[in-house]
Amino acid sequence: MILKVARLGHPVLREIAEPIPEAEIGSADVQRLIDDMIETMYDQAGVGLAAPQVHVSRRILVLEAEGGHPRYPDAPGVPLQILINHEILEASEEMDEDWEGCLSLPDIRGKVPRHKTIRVRAFDREGKRVEFEASDFHARIIQHEGDHLDGKVFVDRMTDMQSLVFLSEFSRFAEEEREAVESAD
Ligand code: NI
């Protein structure tokens, strides 16, 4: 089932989400929520979704990005992942700044600094513990979605509001940037 996505201003986006008790991960309710979140992410052409974005204040993330994704055509592929009660164990000092958007802040983009590499521990949807390292776009998605569990959205992480732009202006912005990169070659 496709779920309604909460938009900025709805209080659920500012709450600290509750962890899922380990014994509850296999329950029909949690499994259905995960399926619905995946379906909603696909429907909205997102690369990730956090449960608070579908009005459920619990610590579940889903993410997936195909290579050449329509919203992020230049980003590399990230396989489907379901992360429950995830923790970031380590984060690189090195930061990367890049464009982000959010289904809860439609039609807006901004540049956000994120840790380039993170080490993550979580439960998967089978209730198995997983631990892995993620970097670049993959790490960015996890940090963005993880923020939703702590009542934060990407604009809270921006350090320079000059890059806060409407999507209708963004393509021009990105083109200027590409030109700048090309002329710097
Ligand atoms: Ni978001």
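Please give the number of the condition residue 136 fails out of (1) at positive phi; (2) within 16 Å of the ligand (Cβ to nearest atom); (3) surrounded by 15 or more Cβ atoms within 10 Å (Cβ to Cβ); (4) of a type outside the set (Ser, Thr, Tyr).
It is condition (2) that residue 136 fails.
Which residue is farthest from residue 20 (Cα to Cα), if the candidates are limited to segment 111-122 and must be away from the ligand (no atom under 16 Å from the Cβ) and touching a His at 6+ places or on another chain (Cβ under 8 Å)?
This residue is 120.
If you go through segment 141-169 one residue at a time, how many are within 16 Å of the ligand (Cβ to nearest atom), assigned to a helix (DSSP H, G or I) and either over 19 Å from the mean Cα position of the chain (by Cα) or over 15 Å from residue 49 (Cβ atoms) (or both)?
Summing the residues that are within 16 Å of the ligand (Cβ to nearest atom), assigned to a helix (DSSP H, G or I) and either over 19 Å from the mean Cα position of the chain (by Cα) or over 15 Å from residue 49 (Cβ atoms) (or both) in segment 141-169 gives 4.
Which condition from (1) within 16 Å of the ligand (Cβ to nearest atom); (2) more than 12 Å from the chain's Cα centre (by Cα); (3) over 25 Å from residue 9 (Cα atoms) is the one that residue 73 breaks?
So the condition that residue 73 fails would be (1).
For segment 100-110, which residues satisfy the criterion of being buried (at least 20 other Cβ atoms within 10 Å of the Cβ) and away from the ligand (no atom under 11 Å from the Cβ)?
Answer for segment 100-110, where residues must be buried (at least 20 other Cβ atoms within 10 Å of the Cβ) and away from the ligand (no atom under 11 Å from the Cβ): 109, 110.
With the checklist (1) away from the ligand (no atom under 16 Å from the Cβ); (2) in contact (Cβ under 8 Å) with a residue 60 or more places away in the chain; (3) acidic (Asp, Glu) in hand, flag the one item residue 24 doesn't pass.
(2)
Report every pair of residues separated by at least 6 positions or lying on different chains whose Cβ atoms are under 6 Å apart, first residue within segment 43-69 and farther than 18 Å from residue 20 by Cα and modelled with pLDDT of 95 or more, second surrounded by 17 or more Cβ atoms within 10 Å (Cβ to Cβ) and of a type in the set (Asp, Glu).
If the second residue must be surrounded by 17 or more Cβ atoms within 10 Å (Cβ to Cβ) and of a type in the set (Asp, Glu), the pairs left are 48/145.
The values are calculated or read from the model by the stated rules, or taken from the named source; none is laboratory data. Everything numeric in this text was worked out from a predicted model, so none of it was measured. Because the Cβ atoms are built from the backbone with ideal geometry, glycine has one as well, and the counts that use them run over all protein chains shown.
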